Each structure stands twice: as structure tokens, then as C-alpha cells.
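What follows is a set of notes on a single structure, which appears directly below.
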Amino acid sequence: EHLANLNAAELHDLAAAFIEVAKADQRISLDGGQVEVTKYCEALVNSNGLTRTDQITRLDWTLMGLGKTETETTSFDYLSGSSWKWAGATDLAKRTAEKLVASIVSSFGPSTCPSYKGQVLLSPGVVSSLLLEPISYHVNGGQIMDGKSLWENSLGEQVASTSFTLVDSAHNTNLMGASPYDAEGVATRPLTIIQDGVLRAHVDSTYTAKRRGTKSTGHAGGLHTLEVGTGMATKLDLLGSPDRLVVVERFSGNVDPQTGDFSGIAKGSHYYENGEHKYALSETMIAGNFFEMIKSIQGLSNDAEPYCGQYIAPWILVDGISVTGKEA
């Protein structure tokens with residue numbers, strides 16, 4: 001409620017506190033920072049005489065920048081967050097800025113790692129493009145209806161590692177997609193999509209459900225608040241598992257949702273040997289296949305948190321990824 005009546009002075013103070021955290025390190029060059037409050041009003045009226053209105057207010061913040069010294073300039077990095085509540089929002093925004101600064105500073109002094117095919121560690125920030133987006137594609141009733149999903153007949157089958165579980169909690173207000181109903185006004189509910197590697201659900205709108213002879217799952221407009229289950233290992237355990245390891249912080253490339261093939265650049269990433277950090281990586285090519293990768297998960301960290309207010313995911317160690325660096 002306080003967000004809905006937030007005044008300009010309060011918003012200014014939050015923005016100043018948020019940006020000052022990043023500016024405290026002289027090596028950080030900010031390209032832009034933004035804090036905004038958005039008010040939403042939705043109304044639902046139908047021919048049966050039902051009328052319903054709902055008002056929601058959300059606070060969002062974003063920060064982008066790079067590292068710069070007299071001899072070196074890093075690549076751009078960015079991070080964002082959001083909150084439905086005013087209480088504690090300033091501390092959350094400051095934490096976002098601290099994480100961005102740490103990520104940028106760790107990118108100084110990059111080098112090129114050896115080429116290999118094997119394990120890489122995915123940060124929560126790349127879980128969306130390499131795992132969640134392909135999953136969303138293949139469980140979507142529209143893609144199934146059009147004959148594009150490879151998981152049309154896979155309900156009850158093992159489609160991922162037994163360590164992988166994915167739930168659309170729908171109502172987690174730490175995430176931007178939280179909503180009591182979907183774009184058609186159908187009530188949302190928590191839905192387990194993959195449990196212990198087994199595909200448990202497809203998602204439908206009223207339209208795709210009617211065409212497919214199923215029932216709406218409250219997903220007109222897409223998935224809501226995805227949460228990837230955690231594992232038993234610490235991040236330190238995962239870093240020390242393989243002899244050599246690329247830690248992928250960000251991914252810039254192409255993912256074919258239908259075939260699962262992907263290739264692109266690992267940005268702001270790092271190289272480890274026997275659990276020891278060697279150096280930050282200059283932009284390094286990685287490639288693989290989603291369907292193979294999700295079945296070759298070697299471990300998940302025992303902690304997870306919202307990434308940019310969009311979803312919750314742990315660090316995930318996967319195998320079978322081609323890393324293109326310098327030749328031995």
C-alpha cells in the first residue's frame with residue numbers, strides 16, 4: 001500500500017542509495033541506473049455478471065555498468081530486482097548493486113582457457129536461457145497443439161536428471177510474475193512441472209485446453225513464478241568437483257527451442273582447475289544441447305534466490321558442454 005502512495009522524494013532517496021553503492025568503487029563506470037514504481041489496474045467483466053478489479057503496485061530497479069582502469073576495460077554487466085513492498089526495498093536494491101560491483105570487479109585480468117568438452121557450472125543468471133526457456137517451450141499447450149513440442153507424449157517419463165525439480169509456485173511475491181489469476185482470469189495454483197526428473201504437467205490456457213481436450217492450468221500468458229529445486233552440495237563443492245571447469249555467469253547466443261541446440265559466448269565468466277580459481281575468462285564460446293544437458297546434471301547448490309525478480313534457481317553443474325578456448 002505504501003508503494004501505491006510513494007512520493008518523489010522517497011523514490012529519489014532509494015535511487016541515490018542504490019547508485020551510491022556502485023559508485024563507491026572508483027573502477028566502476030555506470031552506464032545507467034533506474035528505479036521506478038509502476039501501478040497496475042486490471043478489470044475483469046464477463047457476460048455472467050461477474051465484475052472484478054485488482055490493483056497492484058511494483059517497485060523495480062536496474063543498474064548497468066562496466067569496470068575501467070587506466071589499462072583495462074571489462075565488458076558490460078547488468079543486474080535488476082523488484083519488490084511488491086516498500087519495507088526492506090532499499091536494502092534489497094543495495095544488495096543488487098553490491099552483487100553487480102562484485103561481478104564486474106571479478107572480470108578484470110581475463111585470459112583464455114584450454115578447449116575441452118565436459119562440465120561447466122551454470123550460474124542462476126543463465127538458467128533461464130539454457131534451461132527454463134526450452135522447458136517452457138516444450139510443456140506449452142500451444143506448442144503441443146501445433147505439433148512442435150518433443151514432450152507431447154512424455155508425461156510420466158524421465159526427461160531430466162533425477163536431481164532436477166521445477167515448480168511454478170504462481171504466488172511467490174518475491175517474483176514479478178506472481179498473480180492470483182492468469183491473463184484470462186482463470187485462478188492460478190502451484191503446479192509441479194518436473195519432479196525428480198519426471199515430467200508431471202503440461203500448461204494450458206482455456207483455448208489450448210479446449211483444443212487439446214484438457215483443462216486450463218491458469219497459464220494464459222505463460223508461466224508465472226518458476227522455482228528450481230535446490231540440491232545437497234555447496235557452491236564450493238560444485239567448484240571443486242571437476243579437474244577443469246568454466247563457470248558461466250552470463251550467456252549471449254542462440255538457443256533453438258525445438259532441437260535444443262545452443263551456442264554462444266560465456267560473458268563475465270571464470271575458469272577453475274581442481275577447485276582453484278585461475279582467472280576471469282575473455283569471451284569464450286560454449287555449445288551443447290538442452291535435452292542432453294538437462295539429463296546430465298551433476299549437482300545443484302543447496303541455496304537459491306530470485307534472479308532479477310524473475311525466477312528462483314541454484315547453481316547447476318552440467319556435463320557434455322563443448323568449451324572453445326585455446327588449443328593445447
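The values are calculated or read from the model by the stated rules, or taken from the named source; none is laboratory data. None of the values given here were measured: they were computed from a predicted structure. Reconstructed Cβ throughout: ideal geometry from the backbone, glycine too, with neighbour counts over all protein chains shown. Calculation scope for accessible area: heavy atoms of the full protein, side chains included, ligands and nucleic acids excluded. Shrake-Rupley method; radii C 1.70, N 1.55, O 1.52, S 1.80 Å.
Please work out if A87 is over 30 Å from N5 (Cα atoms), open to solvent by 40 Å² or more (accessible area, probe 1.4 Å) and not basic (K, R). Steps first, answer last, please.
Numbers: over 30 Å from N5 (Cα atoms): no; open to solvent by 40 Å² or more (accessible area, probe 1.4 Å): yes; not basic (K, R): yes.
Considered against the rule, which asks whether it is over 30 Å from N5 (Cα atoms), open to solvent by 40 Å² or more (accessible area, probe 1.4 Å) and not basic (K, R), A87 comes out as no.
Residues in region 225-241 that are open to solvent by 40 Å² or more (accessible area, probe 1.4 Å) and either among the aliphatic types (A, V, I, L, M) or on the phi > 0 side of the Ramachandran plot (or both): M232, L236.
Okay, residues lined up against (1) among the small types (G, A, S); (2) over 19 Å from the mean Cα position of the chain (by Cα); (3) open to solvent by 20 Å² or more (accessible area, probe 1.4 Å); (4) under 30 Å from D60 (Cβ atoms):
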| residue | (1), (2), (3), (4) |
| --- | --- |
| E249 | no, no, yes, yes |
| D256 | no, no, yes, no |
| S263 | yes, no, yes, no |
| A280 | yes, yes, no, yes |
| D303 | no, no, yes, yes |
| I316 | no, no, no, yes |
| I321 | no, yes, no, no |
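Scanning region 90-131 for residues that are in contact (Cβ under 8 Å) with a residue 24 or more places away in the chain, part of a helix (DSSP H, G or I), crowded, with 18+ Cβ neighbours inside 10 Å and among the hydrophobic types (A, V, I, L, M, F, W, C) gives A93, A97, L100, V101, I104, V126, V127, L130, L131. Condition check for L30 on (1) closer than 15 Å to A102 by Cα; (2) in a helix (DSSP H, G or I): one failure, at (2).
Rundown of residues vs (1) open to solvent by 50 Å² or more (accessible area, probe 1.4 Å); (2) among the hydrophobic types (A, V, I, L, M, F, W, C); (3) modelled with pLDDT of 95 or more, yes/no style:
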| site | (1), (2), (3) |
| --- | --- |
| I193 | no, yes, yes |
| G197 | no, no, yes |
| H202 | no, no, yes |
| S205 | no, no, yes |
| T208 | no, no, yes |
| L223 | no, yes, yes |
| D243 | yes, no, no |
| V246 | no, yes, yes |
| G260 | no, no, yes |
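Being assigned to a helix (DSSP H, G or I), of a type outside the set (D, E) and without any contact (Cβ under 8 Å) to a residue 12 or more places away in the chain is a condition met by no residue of region 80-89.
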